[in-house]
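Participant: My questions will all concern the structure given below.
The values are calculated or read from the model by the stated rules, or taken from the named source; none is laboratory data. Remember, it's a predicted structure, so these values are computed and weren't measured experimentally. Please note: Cβ atoms are built from the backbone with ideal geometry, for glycine as well, and neighbour counts cover all protein chains shown.
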Amino acid sequence: TKLLLQEHGRTGGFSLSAFYVRRAFRILPALWLFVVAVFAARSAGLIADPGSFGTALFFLCNTKLGSCGWFQGHLWSLSIEEQFYLVWPLVLAIAGCRAVPQLAFVIMTAFLLTAQLSLLMVGWLDNGLSFACIAAGVLYASSPATQARIHRLAGLPSISLAVLLVF
């Protein structure tokens with residue numbers, strides 16, 4: 001998001017195709033290497049992994065559309081990230097970059113609410129909460145006001161309270 005906003009600031013717009021090409025070059029080589037290594041280990045009989053390679057390669061490990069097995073199941077977080085970034089730049093292209101903090105806040109709130117209502121539960125993974133966390137990161141990255149508020153609140157008393165609540 002920050003790179004898209006910077007590009008928009010420099011040029012007055014951003015290239016969706018350039019964004020997706022950058023993502024592909026950043027994500028796909030490591031993904032392919034990982035999937036090939038799992039495939040080779042499974043083919044050699046070193047691991048027993050019933051996972052679907054197609055589900056892994058199409059970033060669907062967080063859905064019920066196929067099983068990723070234990071080894072490829074680790075790709076669930078990458079699936080969530082890629083699904084978010086498949087849609088998010090399109091939203092920005094339609095809504096405009098000025099609305100990023102507001103859109104991120106609305107998306108974060110909507111996914112937090114749906115996560116609480118269990119509308120997006122997929123097996124053991126709560127996709128709504130995961131998408132809300134990414135939207136929170138977008139909000140932080142795109143809003144200096146939000147960054148300043150968080151920095152003011154991030155003192156020892158707030159951190160101590162958060163740790164206490166977690167435990």
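Participant: From the list PHE58, PHE71, which one is of a type outside the set (A, V, I, L, M) and in contact with a helix residue (DSSP H, G or I) (Cβ under 8 Å, 6 or more places away or on another chain)?
Facilitator: PHE71
Participant: Among the candidates LEU78, LEU112, which residue alone is more than 13 Å from the chain's Cα centre (by Cα) and part of a helix (DSSP H, G or I)?
Facilitator: Going through LEU78, LEU112 in turn, the sole match is LEU112.
Participant: Continuing with this model, one more query. For LEU119, are the conditions met, namely being under 19 Å from CYS133 (Cβ atoms) and either exposed (fewer than 13 other Cβ atoms within 10 Å of the Cβ) or at pLDDT below 90 (or both)?
Facilitator: Yes, satisfied.
Participant: Consider PHE71 carefully, then state whether it is of a type in the set (A, V, I, L, M, F, W, C), farther than 20 Å from GLY128 by Cβ and at pLDDT below 90.
Facilitator: It is true that PHE71 is of a type in the set (A, V, I, L, M, F, W, C), farther than 20 Å from GLY128 by Cβ and at pLDDT below 90.
Participant: Scan the range 134-162 and report the pairs whose first residue is within 20 Å of LYS2 (Cβ to Cβ) and whose second residue is among the aromatic types (Phe, Trp, Tyr) and part of a helix (DSSP H, G or I), with Cβ atoms within less than 7 Å and a gap of 6+ or a chain change.
Facilitator: Filtered contacts from the range 134-162: ILE134/PHE84; ALA135/PHE111; LEU139/PHE105; THR146/TYR140; GLN147/TYR140; ILE150/TYR140.
Participant: Just a yes or no: is a residue in the range 86-106 buried (at least 17 other Cβ atoms within 10 Å of the Cβ), small (Gly, Ala, Ser), over 21 Å from ALA30 (Cβ atoms) and at pLDDT 85 or above?
Facilitator: Yes, the range 86-106 contains a residue that is buried (at least 17 other Cβ atoms within 10 Å of the Cβ), small (Gly, Ala, Ser), over 21 Å from ALA30 (Cβ atoms) and at pLDDT 85 or above.
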